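The values are calculated or read from the model by the stated rules, or taken from the named source; none is laboratory data. These figures come from a predicted structure and were not determined experimentally. Glycine also receives a Cβ, built like all others from the backbone with ideal geometry; neighbour counts cover every protein chain displayed. In case anyone asks, the SASA skips ligands and DNA or RNA and just uses the protein heavy atoms, side chains included. Shrake-Rupley method; radii C 1.70, N 1.55, O 1.52, S 1.80 Å.
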Amino acid sequence: MYRIADIAEITAARWLQRAENSTIQHLLNDSRKLLFPETTLFFALVSDSRNGHQFISALYQQGVRNFLISEEIQAASYPDANLLLVPDTIQALQVLAAYHRSRFSIPLLAITGSNGKTIVKEWLNQLLEPDFSIVRSPRSYNSQIGVPLSVWLMNEGHQLAIFEAGISRNGEMDKLQQILQPTIGIFTNLGLAHSEGFASMQDKLEEKWKLFLNCKLIISHYQEDWINSYIEGQLKEGQQLLRWGQHPEADLRIVSALKKEDATLLNLVFQDKEFRLDIPFVNEAAVENALTAALVMGALGLEISVIQQRIALLHGISMRLELKEGINQCSIINDSYSADISSLVIALDFLSQQQQHEKKTVLLSDIPETGWKAEELYERVAALLQHHGVSRLVGVGTVIAAHKEIFRSHGIQELQFFEATDLLLQHWDELNFRDETILVKGARRFQFERISAQLEKQVHQTVMEINLNAMLQNLKWYQQRLHKGTRLMAMVKAFSYGSGSYEIANLLQFHGVDYLAVAYTDEGVALRKAGIHLPIMVMNVAPTGFDALVEHNLEPVLYSVSLFRAFDAFIRQEGIPQYPVHLEVETGMNRLGFSLSELPFLIEHIPHTNCKIQSVFSHLAASEDPSFDAFTGEQVNRFMEFTEALKAVIAYPFLRHIENTSGIFRHPQWQFEMVRLGIGLYGFDAAMGANSPLEEVSTLVTTIAQIKELQPGESVGYGRRGKIIRPTTIATIRLGYADGYPRSLGNGAGWLLLKGKLVPTIGSVCMDMTMIDISGISNIREGDPVTVFGKGLPVAKVAEWAGTIPYEILTGISQRVKRIYYQE
């Protein structure tokens, strides 16, 4: 614990206002993740997209009394608050973390490299957990902000620390090295990831190696000659370098390797002892990461027999939190391989974003090796559950069960405890999970994957994976291009472009979008029932839906004289004095909207209507195309003429918006008071071309149902359209036109991705199945995944083969295809 006066001295802060000398236990940089106001210090970080100072007032209202800021604010507005002023809040956070690190003498393992950092860290935690009380980075907290927040978790109960260090440009690693002061360094590899900020691969390697400045031991593997030479040339007196590889001088030397169906069998030599190591993976990256972990274990003095036993039990690490459809209308968040406080906080944050079920449930095992006394630990866990609105807890383990009264005292309404996972499964029918969002969070030894398997609905093996991190990055990219004060409306119509409505709306609501827009009233009603409280604009309304519209506080778009009259009459009849509406103006799209000739009607009727005009908007027909910029300018001029005339009769401010995704990017001068972001959220902007900074959000994956060997003269599919002219291997995949895969992509017109290689369709696309030619690709088995679009196969390319646009491909994916939402 620290006192606020201690932190002021450590960070060399100036007191803007001094109050009670508070105890500080928690550091906060995201106002949405406030848990313990009384003992929290808020760092008002400033970035291109966010200024933390704008959240101080709200946090003060929630009970926070300690703030570290870099901009002077009116202290009188925050009586009894401690206000510390520094030139740079990020730097102050790093200085505080470095001081905290200096108070501990335990071994600290710091991991860097282009790939594999998080996997190696998580595997080392699994492998070393029986021997040490470990503190580690939560998930991939490896940035200039994530590292200091990770280091802050260190306490006197820990015996070993494992942290990641990630960089994206020169000058960053010096800061991380000063914070971490690692005793053992781990270098995974040097690859192309995050190379944009470096002049060359040599430049990148030099920056990464700064982490190991004062390490006593460095662990890596034999790589390219120039990398090996650089590493060897950087060693200082007193530093030890251990490497694995096939090189004759490797400290952990590979004698032979044999790949089986689901494992890699290695003969190794370590400290003159030859032994066999069975790694339960076949892909190269996993084998490399496992060997790195094995060498770390050996360097720490673990017996070879222990290394063999534990490596054989390694399991894949989920790098993401996944939201899946479950039994009995439940939603399942599967985080079933780890249980510690830091990852529990992240998982609970993800749980709290989900609003589709009022009831929130947590299945939680004992939390081992935290360094805290059990009573203190479960007091904190109970407070976390209470803060995140959890109403039901199912606990597994003797320790958590022994502290059930703590959970009861924190108002958790339903409590059930089992000493072991087997006992829970024996009483499964009594648990009666229904209509709730369930977080499954368990330490590895409790085997909670067995519980997840029971909870998850077994459905069609074709799935659409939705990367919420990618969507958030796309959102931030556009937000950074908005003028100060410009609001953002997100389009979530058409099942959020096929991605799933309320899950996407939850994310957007959580991250501060101002408005949502849907196509039809029933889409808006579904969002309201799922707990979305943002303003929602409905673009296509009909008089038959007015009741539902008003009942669920949805805002209609009025685009014609008849619709205006009808809705105005309806709300008058209902006795509603003012109801928010949006006016659509026709400027050249020639789809919907009031024309200039109908402007006199609006000027006459708006002063007397019961409708409150929230916004006036129009659609740009070709904002992405430079050849139509003159026409786009004409549209904007018509729009401004229309809105200027309306200002004369609307006695209050209203929002104007005309820009869509491409308009935000290409025409920032016409943002007005609001913009509408649609397909750009999902990773597409027709104005950007091949060098788009956006990341595609959706990946469609199916699996192989059967493999056949065919001979010349045979045929494939209906109408015998797939002709076999040579010995051919085909696979039938679980995907058809009923899933939204276009029939036009049959007979070789479409290609899919299998084991990193493009394979063509053969024969016609069937309702539920499609056949592909997999000739020449080895080691293919039934059940193997096949990518329809996603990483390595952009949906734009699939749309090009089908003769359409990405919108149509995405929105055409059937709702029988399971959506899985994940957040890394």
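Rundown of residues vs (1) within 28 Å of residue 473 (Cα to Cα); (2) surrounded by fewer than 18 Cβ atoms within 10 Å (Cβ to Cβ); (3) in contact with a helix residue (DSSP H, G or I) (Cβ under 8 Å, 6 or more places away or on another chain), yes/no style:
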position	(1), (2), (3)
677	yes, no, yes
690	yes, yes, no
693	yes, yes, yes
698	yes, no, yes
704	no, no, no
735	no, no, no
746	no, no, no
762	no, no, no
767	no, yes, yes
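Across the range 557-615, the number of residues qualifying as outside any helix (DSSP H, G or I), under 26 Å from residue 659 (Cα atoms) and of a type in the set (Gly, Ala, Ser) comes to 5. Would you point out the residue of the range 799-824, among those that are assigned to a helix (DSSP H, G or I) and more than 25 Å from the chain's Cα centre (by Cα), that is nearest to residue 682 (Cα to Cα)? So, considering only residues that are assigned to a helix (DSSP H, G or I) and more than 25 Å from the chain's Cα centre (by Cα), the one nearest to residue 682 (Cα to Cα) is 799.
Report whether or not residue 325 is open to solvent by 50 Å² or more (accessible area, probe 1.4 Å), within 30 Å of the chain's Cα centre (by Cα) and modelled with pLDDT under 90.
Spelling it out, residue 325 is indeed open to solvent by 50 Å² or more (accessible area, probe 1.4 Å), within 30 Å of the chain's Cα centre (by Cα) and modelled with pLDDT under 90.
Confirm whether residue 812 is of a type in the set (Gly, Ala, Ser) and open to solvent by 40 Å² or more (accessible area, probe 1.4 Å). Answer is no for this residue. Here 199, 263, 250 are screened, and the one residue that is surrounded by fewer than 16 Cβ atoms within 10 Å (Cβ to Cβ), among the small types (Gly, Ala, Ser), farther than 24 Å from residue 122 by Cβ and free of Cβ contacts under 8 Å to residues at least 60 places away in the same chain is 199.
Which residues, taken from the range 563-578, are surrounded by 15 or more Cβ atoms within 10 Å (Cβ to Cβ), more than 11 Å from residue 549 (Cβ to Cβ) and either among the charged types (D, E, K, R) or touching a residue at least 24 places away in the same chain (Cβ under 8 Å) (or both)?
Residues of the range 563-578 that are surrounded by 15 or more Cβ atoms within 10 Å (Cβ to Cβ), as a first pass: 563-564, 566-568, 570-571.
Then keep just the ones that are more than 11 Å from residue 549 (Cβ to Cβ); that gives 563-564, 566, 568.
Scanning the range 563-578 gives 564, 568.
Within the range 33-43, can one find any residue that is assigned to a loop (DSSP other than H, G, I, E, B), of a type outside the set (D, E, K, R) and open to solvent by 50 Å² or more (accessible area, probe 1.4 Å)? No, the range 33-43 contains no residue that is assigned to a loop (DSSP other than H, G, I, E, B), of a type outside the set (D, E, K, R) and open to solvent by 50 Å² or more (accessible area, probe 1.4 Å).
Filtering the range 56-76 to residues that are free of Cβ contacts under 8 Å to residues at least 40 places away in the same chain and assigned to a strand (DSSP E or B) leaves only 67.
Please enumerate the residues belonging to the range 299-310 that are surrounded by fewer than 21 Cβ atoms within 10 Å (Cβ to Cβ) and either hydroxyl-bearing (Ser, Thr, Tyr) or in contact (Cβ under 8 Å) with a residue 12 or more places away in the chain (or both). Hits for the range 299-310 are 299, 300, 302, 304, 305, 308, 310. Residues in the range 728-759 that are part of a strand (DSSP E or B), over 32 Å from the mean Cα position of the chain (by Cα) and not hydroxyl-bearing (Ser, Thr, Tyr): 730, 731. Would you check which residues across the range 18-39 are at pLDDT 95 or above and aromatic (Phe, Trp, Tyr) and list them? None; the set is empty. Against the definition (of a type outside the set (Phe, Trp, Tyr), touching a strand residue (DSSP E or B) at 6+ places or on another chain (Cβ under 6 Å) and either open to solvent by 80 Å² or more (accessible area, probe 1.4 Å) or within 30 Å of residue 25 (Cα to Cα) (or both)), how does residue 211 come out, yes or no? Here the answer is yes, as residue 211 does meet what is asked.
Evaluated against (1) under 20 Å from residue 185 (Cα atoms); (2) touching a helix residue (DSSP H, G or I) at 6+ places or on another chain (Cβ under 9 Å); (3) open to solvent by 50 Å² or more (accessible area, probe 1.4 Å), residue 238 falls short on exactly one condition, (2). Scan the range 647-659 and tell me whether some residue there is among the aliphatic types (A, V, I, L, M), under 34 Å from the mean Cα position of the chain (by Cα), over 17 Å from residue 477 (Cα atoms) and at pLDDT 95 or above. There is at least one residue in the range 647-659 that is among the aliphatic types (A, V, I, L, M), under 34 Å from the mean Cα position of the chain (by Cα), over 17 Å from residue 477 (Cα atoms) and at pLDDT 95 or above.
Filtered by the rule that a residue be open to solvent by less than 40 Å² (accessible area, probe 1.4 Å) and either over 14 Å from residue 765 (Cα atoms) or in contact (Cβ under 8 Å) with a residue 60 or more places away in the chain (or both), the range 716-731 gives 724, 728, 729. Consider the range 579-601 and keep the residues that are within 45 Å of the chain's Cα centre (by Cα) and among the aliphatic types (A, V, I, L, M). The one that is surrounded by the most Cβ atoms within 10 Å (Cβ to Cβ) is 585.
Could we say that residue 149 is open to solvent by 30 Å² or more (accessible area, probe 1.4 Å) and aliphatic (A, V, I, L, M) here? It is true that residue 149 is open to solvent by 30 Å² or more (accessible area, probe 1.4 Å) and aliphatic (A, V, I, L, M). For beta carbons closer than 6 Å, sequence separation of 6+ or different chains, a first residue in the range 532-559 that is farther than 22 Å from residue 606 by Cβ and a second that is open to solvent by less than 10 Å² (accessible area, probe 1.4 Å) and not in a helix (DSSP H, G or I), the qualifying pairs are 534/516; 536/516; 536/554. The strands (runs of 3 or more DSSP E) found wholly in the range 401-481 include none carrying at least 3 residues that are out of contact with any helix residue (DSSP H, G or I) (no Cβ under 8 Å at 6 or more places or on another chain) and crowded, with 21+ Cβ neighbours inside 10 Å.
How many residues are farther than 30 Å from residue 418 by Cα and not hydroxyl-bearing (Ser, Thr, Tyr) when one looks only at the range 434-487?
25
Quick one: is residue 22 touching a helix residue (DSSP H, G or I) at 6+ places or on another chain (Cβ under 9 Å), among the hydroxyl-bearing types (Ser, Thr, Tyr) and exposed (fewer than 15 other Cβ atoms within 10 Å of the Cβ)? Taking the combined requirement at face value, the residue does not satisfy it. As a summary of the residue check, residue 619 satisfies the conditions (1) assigned to a loop (DSSP other than H, G, I, E, B); (2) open to solvent by 20 Å² or more (accessible area, probe 1.4 Å); (3) more than 25 Å from residue 538 (Cβ to Cβ) except for the one numbered (3).
Look at residue 121 and say whether it is open to solvent by less than 10 Å² (accessible area, probe 1.4 Å) and among the charged types (D, E, K, R). So residue 121 passes the test. Taking (1) touching a residue at least 40 places away in the same chain (Cβ under 8 Å); (2) surrounded by fewer than 21 Cβ atoms within 10 Å (Cβ to Cβ); (3) at positive phi in turn, residue 683 satisfies each apart from (2).
On the stretch given as the range 17-29, residues that are part of a loop (DSSP other than H, G, I, E, B) and in contact with a Lys or Arg (Cβ under 9 Å, 6 or more places away or on another chain) total 4.
Out of curiosity, is residue 739 acidic (Asp, Glu), open to solvent by less than 30 Å² (accessible area, probe 1.4 Å), within 30 Å of residue 694 (Cβ to Cβ) and in contact (Cβ under 8 Å) with a residue 24 or more places away in the chain? Considered against the rule, which asks whether it is acidic (Asp, Glu), open to solvent by less than 30 Å² (accessible area, probe 1.4 Å), within 30 Å of residue 694 (Cβ to Cβ) and in contact (Cβ under 8 Å) with a residue 24 or more places away in the chain, residue 739 comes out as yes.
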